[in-house]
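What follows is a set of notes on a single structure, which appears directly below.
We did not get these values from a lab; they are worked out from the coordinates using the rules stated. The shown structure was predicted, so the numbers you read here are calculated from the model rather than taken from an experiment. Virtual Cβ from ideal backbone geometry, glycine too; neighbours counted across all protein chains shown.
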């Protein structure tokens with residue numbers, strides 16, 4: 001199954017309705033599809049295209065630009081080791097080499113049991129906590145060899161810290177709740193409507209610009 | 001983890017709740033920190049939108065994303081009478097070395113939402129899009145929860161705080177692409193497309209942005225300044241920092257210092273020496289080592305060396321000295337650092353992240369990476385150093401910004417560089433190359449002529465991994 005489930009399709013439609021132009025929902029819907037299936041399948045992209053009103057090729061065109069969208073199945077856990085400057089200065093290259101050795105795959109590869117995909121990634125904005133890595137985009141900071149070994153053992157066995165990480169594709173566990181009735185004044189791009197409060201500019205307050 | 005300056009004379013404009021438990025909740029946001037939560041919005045709503053914008057101009061609030069353009073002036077570029085307008089919050093923090101916007105989003109999401117609302121009020125926006133980097137689900141969760149709370153409390157949506165001001169705020173998130181931090185690429189991404197920058201002119205976002213409508217794209221930290229500014233006023237804001245760069249900046253200090261961390265410092269009055277050595281900040285270079293070089297403003301910034309350590313953290317002097325403060329990312333490298341490998345790491349980043357739209361960047365960064373890779377692997381050719389500089393010159397022609405080197409009688413070339421590309425990504429790849437070659441040419445030559453020097457990253461399996469212990 002790679003098209004949206006009925007529940008996810010309903011959620012997808014609510015997301016589309018929040019945007020002035022439906023195609024803006026392409027990336028959020030691709031994330032939703034990846035959350036459902038663990039990767040972004042061709043059927044899912046067709047379904048996204050139907051929902052945002054473009055062609056499946058356009059969805060593929062967008063999705064293939066972004067590193068987080070996996071067009072083929074990946075491991076349950078994506079282990080992303082940052083090797084950019086701040087992390088590299090504190091041993092990230094050695095950590096990556098160690099992970100490759102322990103997992104028996106090079107960066108970009110997935111272990112034979114389909115558990116872990118190892119990636120060599122660029123800066124993940126944890127520079128002061130270097131060297132840092134992410135598991136399914138959840139941070140693990142100030143990692144040393146022993147911590148890496150323990151983490152890999154947990155991910156392989158699905159115990160310990162592995163329980164902190166939802167399956168690959170899961171983004172925020174809290175969603176914004178914004179129904180159609182909550183929207184104030186979404187104006188289609190074609191309409192010329194000045195916001196009501198802008199009329200205040202005609203009568204400046206006494207305070208003026210301080 | 002985040003040690004802050006405790007100097008009572010320095011107000012914490014944006015980081016006052018970083019160490020407060022549950023500061024991400026509305027209740028704690030309202031009752032703690034350097035201003036009462038949503039008091040800045042209330043103060044703004046008592047003035048006209050133009051007055052709010054004028055006070056942001058008067059405060060000289062400079063953009064904190066990298067370019068340092070005055071936010072209020074940028075808002076004024078919206079063509080009159082063209083509607084609807086949009087505010088887009090740039091939370092796609094990915095510049096190597098930069099870690100501040102994620103902290104602002106995770107630890108104080110209401111402050112950012114309040115700042116975005118003030119901007120939306122001032123320009124007359126119909127909708128705010130909070131674009132958060134895809135790889136930051138925790139930040140997305142915190143913002144989603146804060147927006148849900150704010151909606152229930154009447155702080156976003158219709159008739160905010162019981163006034164005629166209404167605006168929808170929508171959390172949007174990316175999917176992994178550094179270039180989306182460039183504002184026109186971010187708009188393309190928000191429209192559901194590949195994140196490739198648009199040509200400017202004509203596509204200046206303030207005139208032709210999202211859906212070809214006037215759009216203001218502001219960095220997270222820029223907007224996070226607004227609630228404090230509105231509550232305490234322009235004079236209080238200008239009392240911090242310097243005349244041309246008022247206020248504070250969040251600096252992510254990383255690399256070879258004893259106490260790496262995110263520190264809020266007043267602009268202009270703190271020097272790099274203070275930042276590296278003061279016990280309130282970096283606490284000195286690790287292991288008592290010597291400083292070799294440092295990056296003052298993210299991967300795109302030309303490197304500085306020990307001679308530049310007494311420069312203040314302020315845009316103008318740093319720019320005149322040949323670099324930039326950029327995104328507030330300071331990376332310290334001590335004497336043990338391999339300049340060639342550091343250069344390679346930064347150049348590889350730009351090669352990987354080039355969107356491919358402009359030929360000089362797409363081809364040039366790829367060749368820069370390949371040449372550096374073969375030098376590191378021991379296959380460098382004697383002509384490679386000049387070849388690197390030649391490829392770099394095709395991306396950014398002419399003298400590239402670089403720090404002075406008094407020992408060799410070389411003058412500084414001021415920032416910014418010239419470019420043959422639509423956006424600054426390609427030219428940024430030149431920064432580490434010119435910085436490293438001009439200063440450490442002998443290290444490159446040694447790599448090329450001495451084949452026994454092989455990459456640092458080839459540690460034997462099972463070898464101890466260094467780092468972590470000494471920070």
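Listing for the model above:
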quantity	calculated
Pairwise centroid distance, computed over Cα atoms, of the stretch A:46-72 with the stretch B:69-97, Å	27
Surface/4 of the Cα convex hull for the stretch A:145-206, nm²	10.9
Taking the convex hull of Cα positions in the protein assembly as shown, its mean projected area over all directions (nm²)	28.0
Beta bridges by DSSP in the protein assembly as shown, antiparallel share as percent, to the nearest 5	45
For the stretch B:339-449: relative contact order, % (alpha-carbon pairs under 8 angstrom, 6 or more apart)	35
Alpha carbon convex hull of chain A, projected area averaged over orientations, nm²	17.2
Modelled FRET efficiency - R0 22 Å, residue A:196 with residue B:212, Cβ distances, 0.05 increments	0.40
On Cα atoms only, tilt of B:384-395 relative to the major axis of chain B in degrees	30
Stokes-Einstein D for the stretch B:248-334, Kirkwood Rh over Cα pairs, 4 °C, 1.567 mPa s (µm²/s)	105
Relative contact order computed over the stretch B:163-229 (Cα-Cα under 8 Å; 6+ residues apart), in percent	19
Mean ellipticity per residue at 222 nm, deg cm²/dmol - from DSSP H runs of n ≥ 4 across chain B, formula -39500 (n - 2.57)	-10500 deg cm²/dmol
Rounded to 5, percent antiparallel among DSSP beta bridges of the stretch B:248-334	75
Kirkwood-based shape ratio for the stretch B:154-206, expressed as Rg/Rh from alpha carbons	1.16
Packing-based exposure ordering (other Cβ within 10 Å, fewest first) of A:78, A:123	A:78, A:123
C-alpha long axis of helix A:92-103 to longest principal axis of chain A, angle in °	70
Cα-based shape type of the stretch A:77-164, given that a ≥ b ≥ c are square roots of the gyration tensor eigenvalues and the cut on a/c is 1.5	prolate
Burial ordering of B:60, B:336, fewest other beta-carbon atoms within 10 Å first	B:336, B:60
Shape call, the stretch B:339-449: gyration tensor on alpha carbons, a/c limit 1.5	oblate
Translational diffusion coefficient (Stokes-Einstein; Kirkwood radius from C-alpha pairs) of the stretch B:301-356 at 37 °C, 0.692 mPa s, in µm²/s	253
Radius of gyration and maximum dimension Dmax of chain B, Cα, Å	22.4, 73
Cα long-axis angle, helix B:430-449 against chain B (0 to 90 degrees, to the nearest 10)	20
Whole-Å distance, taken between Cα centres, linking the stretch B:261-292 and the stretch B:317-345	14
Fewest-first ranking of A:127, A:54, B:358, A:82, using other Cβ atoms within 10 Å as the exposure measure	A:54, B:358, A:82, A:127
Shape of the stretch B:26-238, Cα gyration tensor, a/c cut at 1.5	rounded
Proportion of all alpha-carbon pairs of the stretch A:6-71 beyond 17 Å (%)	29
